[in-house]
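Colleague: Below: one structure in C-alpha cells.
The values are calculated or read from the model by the stated rules, or taken from the named source; none is laboratory data. Everything numeric here is computed off the predicted structure, so don't read it as measured data. Neighbour counts run over all protein chains shown; Cβ positions are idealised from the backbone, glycine included. Note: areas computed on protein heavy atoms with side chains; ligands, DNA, RNA excluded. Shrake-Rupley method; radii C 1.70, N 1.55, O 1.52, S 1.80 Å.
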Amino acid sequence: MGLLRIMMPPKLQLLAVVAFVVGMLFLENQIQKLEESRLKLERAIARHEVREIEQRHTMDGPRQEAALDEEEDMVIIYNRVPKTASTSFTNIAYDLCAKNKYHVLHINTTKNNPVMSLQDQVRFVKNITSWKEMKPGFYHGHVSYLDFAKFGVKKKPIYINVIRDPIERLVSYYYFLRFGDDYRPGLRRRKQGDKKTFDECVAEGGSDCAPEKLWLQIPFFCGHSSECWNVGSRWAMDQAKYNLINEYFLVGVTEELEDFIMLLEAALPRFFRGATELYRTGKKSHLRKTTEKKLPTKQTIAKLQQSDIWKMENEFYEFALEQFQFIRAHAVREKDGDLYILAQNFFYEKIYPKSN
C-alpha cells in the first residue's frame, strides 16, 4: 500500500507562511523589547548607585572643603574610539581600580552618540570637576574630545586614547556589527544575519564599507565643532593633530598596546601600577576578539586606499604613531629583546641661596 500524500491547499499554505513570518517578527520585536528593558534597568541601577553615594554623603554631615591631594584630585578621560582594543584596555582599569583605589565610570551616551548636546556638555564638565567622591576617577566612553577650558575649568582632566590602522578598524567594526565578539557572544547585533563579506561589500559599493565610514578617528580627536564631523575636512584633521599634541597626555596604537600600557604605568602609577604585568599574564582574558572576521584582499585594500578620506585618516594615524614612537624612544631602553623603563634621568644642582 503506497504512502498517502496529503496536500495542503494553496490558501492554507499562504496562511501558514504568513503566520510564520508574523511569528518571527513578533519574536524579534520581543527580543528588542527585552534588550531595551535591560538597558533601562542598567541605567536605573546606575542612578540608584549615584543616589546612594549622595545620601551617604549627606548623612555623614557637611563636607569639609579641604583641598584634595594632587594625585587624589586626578581625573583621566579615555574617550575611546570604537574597535581599537578599547574594551581590552578598559578591563585592565576595572581590574586595578580596587587595588589602586580609584573609581572607574562608564560614560554611556544614548545610541553611542559621540557628540553631546550643549547642556549635557555643561553637566558633564560639572560632574567631572566637582564630584569629589569619585576622585581619583577614570572615565571612559565613546565621546569625542571636549575642551574643558571653554567652560572656565581651572584644572582640566588628563586625556588618553588609542587609535588603530583605519582600514583594520573598519573591517573589525564591519564584522562586529554582524557577528559580535567573544566578550558578549549572546548579544544580538544590529546587522546580525548579514553574511556578506567585507570584500563583497566593497566590490558592490555597499554603504557599511564605504570610505566615508573610515572618517571616525579624526572627528573623535577633533571634538564637538560641526566642522569636525564634515567628512574629508582638512581643518578637522589639523585640529585633531593639534589636540593630540597639546591636549592628550598619551595616545597609543592598538598594534603596540602593551608598550602604551607600560608607558602609562611608568608615568601615572597612581592609576596603572601593575597594569603591564596584568596585561602580559592575562592577555587571553583581556583581549576582545571579533568573531567570523575575514581579512580583506589586497584588491579591496587598494580600492579603499584610492579614497581621499582614507589618505587623511591614514595620515592622522601615521602622525599619532610617529608621536607615540618618539615618546617611547625617550622613555625606554631595549635589552635582550625586552623593553625597560628608564629611571629618573635629571637632577637639581647649584641651588641658591645656600641654606645655613
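Colleague: If you place +1 on the Cβ of every Lys and Arg, -1 on the Cβ of every Asp and Glu, and leave all else neutral, what size is the dipole of the range 95-249 about its Cα centre, to the nearest 20 Debye?
Modeller: Approximately 780 debye in magnitude.
Colleague: Place a +1 charge on the Cβ of each Lys and Arg in the range 72-339 and a -1 charge on the Cβ of each Asp and Glu, then give the dipole magnitude about the Cα centre in debye, rounded to the nearest 20.
Modeller: My answer is approximately 940 debye.
Colleague: A further question follows. If the chain between residue 72 and residue 32 were fully stretched, how many nm would it gain, using 0.36 nm times the residue separation less the Cα-Cα distance?
Modeller: Difference between extended and current length: 10.2 nm.
Colleague: Continuing with this model, one more query. How much of the DSSP bridge set in the range 72-339 is antiparallel, in percent, rounded to the nearest 5?
Modeller: If we restrict to bridges inside the range 72-339, about 15 percent are antiparallel.
Colleague: Also: Run a plain Debye calculation on the range 72-339 (Cα atoms as equal point scatterers, no solvent) and give log10 I(q)/I(0) at q = 0.14, 0.16 Å⁻¹, rounded to two decimals, same order as the q list.
Modeller: Calculated log10 I(q)/I(0) at the listed q: -1.07, -1.38.
Colleague: Along Cα→Cβ, 7 Å out, is where each label goes; now give me the distance between the ones at residue 12 and residue 133 in nm to one decimal.
Modeller: 6.6 nm
Colleague: Find, among the trypsin sites (Lys or Arg not before Pro) in the range 76-118, those assigned to loop by DSSP (not H, G, I, E, B) with at most 13 other beta-carbon atoms within 10 angstrom.
Modeller: 101
Colleague: Run the accessible area of the range 72-339 with a 1.4 Å probe and give the carbon-and-sulfur part as a rounded percent.
Modeller: On the range 72-339, the fraction of accessible area on carbon and sulfur atoms equals 50 percent.
Colleague: Tell me, how many Å apart are the Cα centres for the range 310-327 and for the range 240-264?
Modeller: The distance from the Cα centre of the range 310-327 to that of the range 240-264 comes to 10 Å.
Colleague: Let me ask you something else. So what is log10(I(q)/I(0)) for the range 246-356 at q = 0.24 1/Å, when the Debye sum runs over its Cα atoms only?
Modeller: -1.35
Colleague: Using label points projected 7 Å from each Cα along Cα→Cβ, tell me how many nm separate residue 111 and residue 294, to one decimal.
Modeller: Computed distance between label sites residue 111 and residue 294 equals 3.1 nm.
Colleague: Also: In Å², what does the accessible area per residue of the range 72-339 work out to with a 1.4 Å probe?
Modeller: On the way: 13040 Å² over 268 residues.
Value for the range 72-339: 49 Å² per residue.
Colleague: Considering amide H positions built from the backbone, and no H for Pro or chain starts, which residues 5 or more places from residue 105, or on another chain, come under 5 Å of its amide H?
Modeller: Here the answer is 138, 139, 140, since their amide H atoms fall under 5 Å of that of residue 105.
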